[in-house]
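Undergrad: Input: one structure, supplied below.
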Amino acid sequence: MASRVVIVGAGPAGITVAEALREHDQEVEIAMLSSEPFPPYAPPAMADHFLTGRDETLFWKGRDVCQRLKVDYLPNTTAESLLPQSHALSLSNGSTLTYDQLVIATGSGLYAPVAGHQLPGLYNFKSLSAAKQLVDGVRAGKVRSAIIVGAGFIGVELALLLQDSGVSVTMVEIEDRLMWRMLELETAEIVLESVRGRGVEGRLNTRATAFLGSGEVTGVELESGEVLRADAYIAATGVKPNIEWLQGSGVQTNWGILVDDFLRTNIPDVYAAGDVAETRDRMTGERFVHAIFPNAVDQARVVANGLLGYEERYEGAESMNSLKHLGVEVMAVGAQRGEEELRWRKNGQLRKLFLNDGRIVGFRLVGNVRGAGVYRSLMLRGVDVRAFRERLLDPRPGASWFGSASGDTLVLER
Ligand SMILES: Cc1cc2nc3c(=O)[nH]c(=O)nc-3n(C[C@H](O)[C@H](O)[C@H](O)COP(=O)(O)OP(=O)(O)OC[C@H]3O[C@@H](n4cnc5c(N)ncnc54)[C@H](O)[C@@H]3O)c2cc1C
């Protein structure tokens with residue numbers, strides 16, 4: 001086992017590596033850096049934290065986790081470059097930190113391919129530091145209206161948070177639907193209706209061409225020439241792995257850091273995990289960055305095992321998400337289309353399964369997520385569901401695969 005492991009980044013991936021390492025090795029020296037001033041936190045819990053004031057889910061391992069795990073934690077410290085020849089990092093405080101083994105868990109940051117994205121005063125919700133600035137503005141009464149550019153997962157979650165905090169919100173989205181990466185049109189329309197029902201204005205098929213302003217940002221220009229104004233402007237246009245600091249290090253990157261099936265980079269003694277790592281997709285085998293929490297945690301455990309000397313092959317990343325704050329349950333897993341579609345819709349509930357060659361490749365559930373675990377298991381195991389597909393969809397107790405078939409509500413589409 002290495003004598004000193006350095007972890008760059010204290011998000012879900014970083015802290016999970018530290019925890020899994022310490023569980024099996026009391027001696028190894030662990031140092032962990034974060035650009036941010038906070039204890040390790042879970043970004044998915046930020047909205048709930050700001051709405052309810054609850055801390056437990058945000059600081060999910062406890063505020064004292066680093067003391068408990070005997071991790072030498074360096075908050076407010078950014079790794080600025082990696083020097084593999086000398087097994088060292090140069091840090092923002094001017095010092096150098098050496099490692100025997102290094103874990104890059106720097107996550108992802110805002111990706112804003114819109115002119116003016118560097119203007120002061122433009123908010124985002126990608127980190128706790130950034131989110132706090134926005135929420136402080138709302139709490140101080142400075143933000144009564146907001147324009148969010150981008151209606152992906154984070155944009156929608158933020159829109160609901162702001163609306164619930166008394167802010168009037170307009171979302172601008174270039175695509176024809178909300179959360180286009182996750183949702184096919186029918187599910188997206190239900191989500192849009194629900195979001196609009198909560199008072200959020202959603203402008204689809206609308207391209208924002210620039211954030212305007214000579215000092216601070218003061219408007220959003222649309223392709224039509226129209227300029228939208230509000231108290232706050234927020235970019236929620238996407239995320240990108242934090243890899244810029246690795247330039248010149250020799251670490252191979254594409255969109256994220258390229259890793260093998262053991263999550264090793266091309267540089268000896270350097271691993272990567274979480275949103276920063278470009279791994280194999282569990283279903284398709286393609287290389288991809290699926291920037292979600294469960295993938296970050298699973299990858300971190302694989303990395304910890306590698307550091308401990310147990311070679312564990314990573315099973316691959318999944319595409320999986322659920323929307324919690326909508327008022328209606330929505331779950332999106334895997335592909336959003338297939339050669340065949342099984343569809344059931346009734347009483348505000350929708351379930352869709354997408355099949356290729358009789359096997360589930362993805363599903364969308366709205367209003368009732370019962371059965372999600374079974375669908376996922378069938379999908380991951382590649383089970384041919386043709387023999388019982390008529391009974392797969394109806395979620396009512398006693399009316400589905402759990403009991404008798406209910407053909408009247410089942411629609412099969414090719
Ligand atoms: C608002 C929001 C809601 C989300 N909701 C969900 C959800 O419901 N479900 C889900 O599955 N996923 C969700 N996600 C995604 C999930 O949070 C990420 O997939 C997960 O946080 C990735 O963990 P990570 O440790 O790889 O990276 P991050 O959480 O991004 O952590 C990386 C850390 O590294 C630090 N860092 C970066 N560069 C450096 C450097 N050079 N030196 C030192 N430190 C550095 C960063 O400051 C950051 O603290 C959400 C994300 C956001 C922002």
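Undergrad: Tell me the residue from Thr96, Thr77, Thr170 that is under 30 Å from Leu258 (Cβ atoms), among the polar types (S, T, N, Q) and in contact (Cβ under 8 Å) with a residue 24 or more places away in the chain, please.
TA: It is Thr77.
Undergrad: What's the number of the condition Arg301 fails, among (1) closer than 30 Å to His87 by Cα; (2) among the basic types (Lys, Arg); (3) not in a helix (DSSP H, G or I)?
TA: Every condition holds for Arg301 apart from (3).
Undergrad: For the stretch 299-330, name all the residues that are surrounded by fewer than 22 Cβ atoms within 10 Å (Cβ to Cβ) and in contact with a strand residue (DSSP E or B) (Cβ under 8 Å, 6 or more places away or on another chain).
TA: Gly306, Gly316, Glu318, Ser319, Met320, Asn321, Ser322, Val328, Glu329
Undergrad: Please state which of the following conditions Leu178 fails to meet, knowing it meets all the rest: (1) under 14 Å from Ala235 (Cα atoms); (2) not in a helix (DSSP H, G or I).
TA: Result: Leu178 fails condition (1) only.
Undergrad: Give Thr284, Thr265 a once-over and let me know the one that is more than 23 Å from Glu184 (Cα to Cα), out of contact with any Asp or Glu (no Cβ under 6 Å at 6 or more places or on another chain) and of a type in the set (S, T, N, Q).
TA: Answer to the check: Thr265.
Undergrad: While we're here: State the number of residues belonging to the stretch 274-298 that are near the ligand (Cβ under 10 Å from one of its atoms) and not in a loop (DSSP other than H, G, I, E, B). First the steps, then the outcome.
TA: Going residue by residue through the stretch 274-298, those that are near the ligand (Cβ under 10 Å from one of its atoms) are 274-277, 289-297.
Now drop any that are not not in a loop (DSSP other than H, G, I, E, B), which leaves 274-277, 293-297.
Qualifying residue count, the stretch 274-298: 9.
Undergrad: Restricting attention to the stretch 193-209, which residues are surrounded by 17 or more Cβ atoms within 10 Å (Cβ to Cβ) and among the small types (Gly, Ala, Ser)?
TA: Ser194, Gly202, Ala208
Read-outs throughout are calculated quantities, based only on the coordinates presented, and are distinct from any laboratory measurement. The structure displayed is predicted, hence computed values, not measured ones. As a convention, Cβ positions derive from the backbone with ideal geometry for all residues, glycine included, and neighbour counts pool all protein chains shown.
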